[in-house]
Amino acid sequence: MKNLLTLLTVFLCFTAFTAQQKEVPSMKYEDLEKRIQKENDKLLVVNFWATTCAPCVKELPDFMEINNKLKDNPKFKMILVSLDRLVDKERVIKFIKNKNLTAEVILLDDIKRMNTWIPRFEKNWDGNIPVTIFYKNGQKVHFNDGEMSKEDLEKTINDNLQ
């Protein structure tokens, strides 16, 4: 019985340690904007991606490595904004598990209005992904259009995380 309790405890600790989102909230642009403003006391890294975007998928392991290093820093937060369709939500959830995504994932269910909200995020954004936007104290401090190398991601975070 003692061995069973020990095994159960180890399993629960392991499960909690590797916990990932089981559900992905979907929201409109205005809700995402409020969510970004809510994190105004942090360096917020917001990455726009999709499960069907090869460069997006390629850069995610580097993002997760850095997120895992900084996840206990109260001045840092990473949010992955999926631009997959709402009907593909289950695929996004499976992707999170399969790729071991540890950052918060949000599904932006507002594709029909993308010509409205894309320029609100960045006037130079042409709509292609991946895109990463960095906010500090609620203000945009850096915009990266396209795939971001691990080195550039680390440098941008280190330059702004003070």
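The values are calculated or read from the model by the stated rules, or taken from the named source; none is laboratory data. Source: prediction; values computed, not measured. Note that we place each Cβ from the backbone using ideal geometry, even for glycine, and neighbour counts take in every protein chain shown. Each accessible area value is taken on the protein alone, full model and side chains, heavy atoms only, with ligands, DNA and RNA left out. Shrake-Rupley method; radii C 1.70, N 1.55, O 1.52, S 1.80 Å.
Below is a table of values for the structure above.
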quantity: Residues located in region 58-70, provided they are over 12 Å from the mean Cα position of the chain (by Cα) and farther than 21 Å from Asn160 by Cβ; calculated: Lys58
quantity: Candidates Lys58, Lys69, Lys94, filtered to the one that is open to solvent by 50 Å² or more (accessible area, probe 1.4 Å) and in contact (Cβ under 8 Å) with a residue 12 or more places away in the chain; calculated: Lys58
quantity: Total residues in region 110-139, condition outside any helix (DSSP H, G or I) and under 28 Å from Leu70 (Cα atoms); calculated: 14
quantity: Matching option when the condition is in contact (Cβ under 8 Å) with a residue 60 or more places away in the chain and not polar (S, T, N, Q), among Ile106, Ile79; calculated: Ile106
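Conditions tested, residue by residue: (1) open to solvent by 10 Å² or more (accessible area, probe 1.4 Å); (2) modelled with pLDDT of 95 or more; (3) among the small types (Gly, Ala, Ser).
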| position | (1), (2), (3) |
| --- | --- |
| Glu104 | yes, yes, no |
| Leu107 | no, yes, no |
| Asn124 | yes, no, no |
| Ile129 | yes, yes, no |
| Phe134 | no, yes, no |
| His142 | yes, yes, no |
| Asn160 | yes, yes, no |
